[in-house]
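Enquirer: Can you keep this structure in mind? I'll have questions shortly.
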Amino acid sequence: MTHQTLAGDDGAVELSGGVLYLRWSSGAVVTEEDARAVTSKVSALCSSRPRPMLVDVTRIGGLEHRARTVFAGAWPLTRVAVVGASPVDRVIVDFYVARHSPVCPTKFFASFADAMKWLGVHAGQVKTPQSGLLTAWDTRHQPVRGGSRGDRDADMMLTVLLKRTEGIISDTQAVANGMPLFVVEAELTQRLQAVLPGVRFTAQDIRAWAAEISS
């Protein structure tokens, strides 16, 4: 077993039983620097041998746009299972997958047991990591069943969020011809706040989308 703490103690990544485990500290807002630190440590732990990874986002505070871009790039992983505690966590993960198209298969789960099964790991193969990530991985979260209300609510939330966001970006692009980048950012921000007042988008998100519109 190999364990490495990330810079600033915002999280920990370790290799145990052939599986990588990434756990973020409570309330951590993951930055581009954090994301690059993770990819660097994962590459060192893998030693050029691609491995599956389980990520715990149940306590995370946020994920910046540039961090998501880094995570979507190429690094030595076969697939990534992300475990969250609520339908909102699932919407965030699914939105990330839809917008950033990560290189390796990435999927959200509401239970560690389902996540490990998808990664192809049996409970008997897993040693308890030093971070305590899997101390009770088979009981900490009850799985969200396919026909449950929570699952349907998450699907609905994701569909609405994606459609409205893509629509706003498209509408802004239609009127942004020749506008300076900062004007496009202001226009996009205003439209997002008007249509999705309850959704928080980071400045990095706005800037990245505005750059896509202006390109």
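Values quoted throughout were computed directly from the atomic coordinates according to the rules given, and no laboratory measurement underlies them. Fair warning: this is a prediction, and the values are worked out from it, not measured in the lab. Positions of Cβ are generated from backbone atoms using ideal geometry, with glycine treated the same way; all protein chains shown enter the neighbour counts.
Enquirer: Using amide H atoms built 1.01 Å from N in the peptide plane, name the residues 5+ places from residue 82, or on other chains, whose amide H lies under 5 Å from its own.
Expert: Here 55, 107, 108, 109 satisfy the definition.
Enquirer: Between residue 164 and residue 85, what is the label-to-label distance in nm when each label sits 7 Å out along the Cα-to-Cβ direction?
Expert: 2.5
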